[in-house]
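**Q** After the structure tokens below, expect a handful of questions from me.
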Amino acid sequence: MVAVYPPLVALVFAFRALFYDMPALLSLFLIASCLTALTTGLILPALHRRLDRWLNT
């Protein structure tokens, strides 16, 4: 939840502001793609480094 919800909200607001005339399905596809890339590439590795000791006890 911590790793997904804040970036999801930020992406939704950013896409609404930048691409307000884009079809909803295309916008949702792009948001899901960006969120997946951010989560697997940046957010989860950073959380794992930060919480490594706690996760491995």
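**Q** Out of the residues in the stretch 11-57 that are touching a Phe, Trp or Tyr at 6+ places or on another chain (Cβ under 8 Å) and not small (Gly, Ala, Ser), which is surrounded by the most Cβ atoms within 10 Å (Cβ to Cβ)?
**A** Taking the candidates together, the pick is Ile31.
**Q** The conditions are (1) at pLDDT 95 or above; (2) touching a Leu at 6+ places or on another chain (Cβ under 7 Å), and Ala3 fails exactly one of them. Which is it?
**A** All conditions pass for Ala3, except number (1).
**Q** Still on this model: Checking Leu55 against (1) within 20 Å of Val2 (Cα to Cα); (2) among the hydrophobic types (A, V, I, L, M, F, W, C); (3) at pLDDT 90 or above, only one condition comes out false. Which one?
**A** Going through the list (1) within 20 Å of Val2 (Cα to Cα); (2) among the hydrophobic types (A, V, I, L, M, F, W, C); (3) at pLDDT 90 or above, Leu55 breaks only (3).
The values are calculated or read from the model by the stated rules, or taken from the named source; none is laboratory data. Because the structure is predicted, anything quoted here is derived from the model rather than measured. Quick reminder, even Gly has a Cβ in these numbers, built from the backbone with ideal geometry, and neighbours come from all protein chains shown.
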